[in-house]
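A short write-up of the structure that comes next.
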Amino acid sequence: MKTEILELLKKQKDFISGQQLCEHFGVSRTAVWKVINRLKEEGYVIESVNRKGYRIVSCPDLLSEDELLSALSRRQVTSLQKLICLSETDSTNTDAKKEALNGAPDHTLVVADLQRQGKGRRGRSFDSPAGVGIFMTLLLRPTVAPNKASMLTLLAGMAVRSAIAELTGEDVRIKWPNDIVLNQKKICGILTEMSSEMTCINYVVIGIGINVNNSSFPGELQNIASSLFLETGKTFRRSELIVGVLHFFDSYYEQFCKTSDLSLLKEEYNKYMINKNRPVVVVRENESYEATAIGIDDDGELLIDTGKERKKVLSGEVSVRGVYGYV
């Protein structure tokens, strides 16, 4: 009932009486009063006036189940089957994989306010501060072949880019394959992991970390990483951004499932690809060389021109960086 009362308060522009809440939920005034007090204890500022009722004045930046379910309802995101909210964890990807092994359904979301051992590419780990960032992992059970799973990472990148652009109004870009860039700095990283058999996928987990309200970064990261707050001067509600990501991901995933590739989405991806038509350095384990990035193909592979030939590179095999810096 707490989630539903919170949702009603957010929808209502004026006061809503305690009697209306009692009648709507079929409970006593005492029950309503207890819920209102619990919301206040969580940080919601709720005005109470005799003979008028209750009115929500401001909401804290919480990643609670109530807050997220309320936001999901307002945005009409119906694909989510299970939501797990944690105050802290080692890694939301690890949690999602455990959930998958325990039978969690397709479209399960794990969200944490603090992540102690976040996972990056090539086994890198990092600490994530509490209260300012988004640490979320979406568990999927797609029916496509295992060799198609890497494209889901690009879908997630598109969803994050669209959600941030919608929320901030900024020109947000994608650095192939899945880094999200604002003003030439990285504000989001995405890591996809999979469990599969020879011919089918058991599950895929897509981990997304977004720097939202961070006010600083360690010295070694200051020229590469940033946050929405540092780039815009504004703070943002993380629950709204999470729900925005899910909203856009649903749309892109639907298109992907029609063709099992990115043929319906590559034009949009290439439109926002920051390193398209730019010189890049392609780095393999034992070599590196310069080329020009052209865009992605139907399978999400990067097309490059070395000056001697045009070829494709796979995100799992190489890293791509700018000739003079990160992008």
- Among the residues of the range 236-259, count how many are part of a loop (DSSP other than H, G, I, E, B) and either of a type in the set (Val, Ile, Thr) or in contact with a Ser or Thr (Cβ under 9 Å, 6 or more places away or on another chain) (or both). 1
- Residue check, Val243 in contact with a Phe, Trp or Tyr (Cβ under 6 Å, 6 or more places away or on another chain) and modelled with pLDDT of 95 or more: no
- Note on the structure: All conditions in (1) crowded, with 17+ Cβ neighbours inside 10 Å; (2) free of Cβ contacts under 8 Å to residues at least 60 places away in the same chain are true of Leu264 except (1)
- Query: Any chance the range 45-67 includes a residue that's assigned to a loop (DSSP other than H, G, I, E, B), in contact with a Gly (Cβ under 7 Å, 6 or more places away or on another chain), crowded, with 17+ Cβ neighbours inside 10 Å and not acidic (Asp, Glu)?
  - Reply: yes
- Please indicate, with yes or no, whether at least one residue in the range 1-12 is surrounded by 12 or more Cβ atoms within 10 Å (Cβ to Cβ), free of Cβ contacts under 8 Å to residues at least 24 places away in the same chain and in contact with a strand residue (DSSP E or B) (Cβ under 9 Å, 6 or more places away or on another chain). yes
- Which one of these is under 20 Å from Met136 (Cα atoms) and at pLDDT below 95: Gly207, Gly219, Gly189? Gly189
- Message: Please determine whether any residue of the range 282-304 is acidic (Asp, Glu), in the same structural domain as Asp171 (by TED's automatic domain parsing) and surrounded by 13 or more Cβ atoms within 10 Å (Cβ to Cβ).
- Response: no
- Task: For the range 153-179, enumerate the residues that are hydrophobic (A, V, I, L, M, F, W, C) and modelled with pLDDT of 95 or more.
- Result: Leu154, Leu155, Ala156, Met158, Ala159, Val160, Ala163, Ile164, Ala165, Leu167, Val172, Ile174
- Across the range 71-100, which residue is surrounded by the most Cβ atoms within 10 Å (Cβ to Cβ) among those that are in contact with a strand residue (DSSP E or B) (Cβ under 8 Å, 6 or more places away or on another chain) and in a loop (DSSP other than H, G, I, E, B)? Ser91
- Could you tell me whether Lys52 is under 30 Å from Val132 (Cα atoms), basic (Lys, Arg) and not assigned by TED's automatic domain parsing to the domain that holds Val111? no
- Task: Just give me the residues in the range 267-322 being of a type in the set (D, E, K, R), within 27 Å of Asn223 (Cα to Cα) and outside any strand (DSSP E or B), in sequence order.
- Result: Lys271, Lys276, Arg278, Arg284, Glu285, Glu287, Glu317
- Query: Based on what the data block shows, is Gly26 over 26 Å from Ser87 (Cα atoms), surrounded by 13 or more Cβ atoms within 10 Å (Cβ to Cβ) and not assigned by TED's automatic domain parsing to the domain that holds Val110?
  - Reply: no
- Mind checking which residues of the range 176-203 are within 14 Å of Gly300 (Cβ to Cβ) and either out of contact with any strand residue (DSSP E or B) (no Cβ under 9 Å at 6 or more places or on another chain) or in contact (Cβ under 8 Å) with a residue 40 or more places away in the chain (or both)? Trp176, Pro177, Asn178, Thr192
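The values are calculated or read from the model by the stated rules, or taken from the named source; none is laboratory data. What you see is a predicted model, and the numbers here were worked out from it, not measured in a lab. Ideal geometry is used to build each Cβ from the backbone, glycine not excepted, and the neighbour counts take in all protein chains shown.
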